[in-house]
Amino acid sequence: MIAEILASVLAAVIAITLHEAAHGYAADALGDPTARLLGRVSLNPLRHVDPVGTLLVPGILLVSQLLTIGRVEAMFGWARPVPVDIRRLYNPRWGMMWVALAGPAMNVLLAFIAALAAHLAGLLDGDWVALLYRSVALFMLVNLVLASFNMLPIPPLDGGRVVTALLPYSLARPYAGLERYGLFIVLGLLFVLPRISPDLDVMGWALRHVVAPVFSLLLRAAGHPV
């Protein structure tokens, strides 16, 4: 249990760090150097740590679930968002959409690289093979869950920013205004609705119908029989 938790934390740190860095690199490439000038286009995880969202909230959820039900059913947290000045993007509307997509795309890429790394099993034997496969599966799962979560169409999640870019301006502005309530909406989706009915478990649906198929697709693309 402890080993799996530590491995999950390490996978999450890598996934979140590169997710945020991808936002910064994309913004810089599309005309906004704000993140780079502030030192946020970085692979240093400490630059992306939010004391509340990265440490306090996940820590409370982890400890409370282990003490009450003896297992971890759901986790929630966030990194310090990479600053983007939409006015400095070459094309503010579409540029912001591509910046938003860069984070989840990075997580999918990391999952694919991990699937490729599973071929190293041919160089190992015994328990090391099983360890490699478990590590690869865990790393892929963490990245794909992070990507699917961030693509929920709720501002300020990446999916919300994509929807805002695609909507007509008359609808995009009020939709973007939901950002002030975004945290409460997400908490409701993750923790309240599943308690009301299993049919309202949004992330459960995403795991079955998004994460699992993409997981299998990436394994096949990496040359593994599925």
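The values are calculated or read from the model by the stated rules, or taken from the named source; none is laboratory data. Quantities reported herein were computed from a predicted structural model and do not represent experimental measurements. All Cβ positions, glycine included, derive from the backbone under ideal geometry; neighbour counts span all protein chains shown. Areas reflect the complete protein model, heavy atoms only, side chains present, ligands, DNA and RNA absent. Shrake-Rupley method; radii C 1.70, N 1.55, O 1.52, S 1.80 Å.
Residues in region 29-57 that are open to solvent by 50 Å² or more (accessible area, probe 1.4 Å), part of a helix (DSSP H, G or I) and at pLDDT 85 or above: Ala29, Arg36, Leu37. Figure legend. Inter-residue proximity from region 92-121: first residues of a type in the set (D, E, K, R), second residues open to solvent by less than 20 Å² (accessible area, probe 1.4 Å) and assigned to a helix (DSSP H, G or I), beta-carbon distance below 6 Å, spacing 6+ or different chains. Indicated pairs: Arg93/Ala165. Looking only at residues that are over 18 Å from the mean Cα position of the chain (by Cα) and open to solvent by less than 20 Å² (accessible area, probe 1.4 Å) in region 76-96, which one is nearest to Leu183 (Cα to Cα)? Among residues in region 76-96 that are over 18 Å from the mean Cα position of the chain (by Cα) and open to solvent by less than 20 Å² (accessible area, probe 1.4 Å), the one nearest to Leu183 (Cα to Cα) is Gly95.
Checked against the criterion of being surrounded by fewer than 17 Cβ atoms within 10 Å (Cβ to Cβ) and closer than 18 Å to Gly103 by Cα, the candidates Pro174, Pro213, Pro168, Pro153 yield just one match: Pro153.
Kindly establish whether Ala121 is out of contact with any Ser or Thr (no Cβ under 7 Å at 6 or more places or on another chain), part of a helix (DSSP H, G or I) and on the phi < 0 side of the Ramachandran plot.
yes
Of all the listed residues (Val108, Val163, Val99, Val129), the sole one being part of a helix (DSSP H, G or I) and open to solvent by less than 20 Å² (accessible area, probe 1.4 Å) is Val99.
Considering every residue within region 181-193, establish whether at least one is open to solvent by 80 Å² or more (accessible area, probe 1.4 Å) and either within 30 Å of Pro92 (Cα to Cα) or not in a helix (DSSP H, G or I) (or both). Yes, region 181-193 contains at least one residue that is open to solvent by 80 Å² or more (accessible area, probe 1.4 Å) and either within 30 Å of Pro92 (Cα to Cα) or not in a helix (DSSP H, G or I) (or both).
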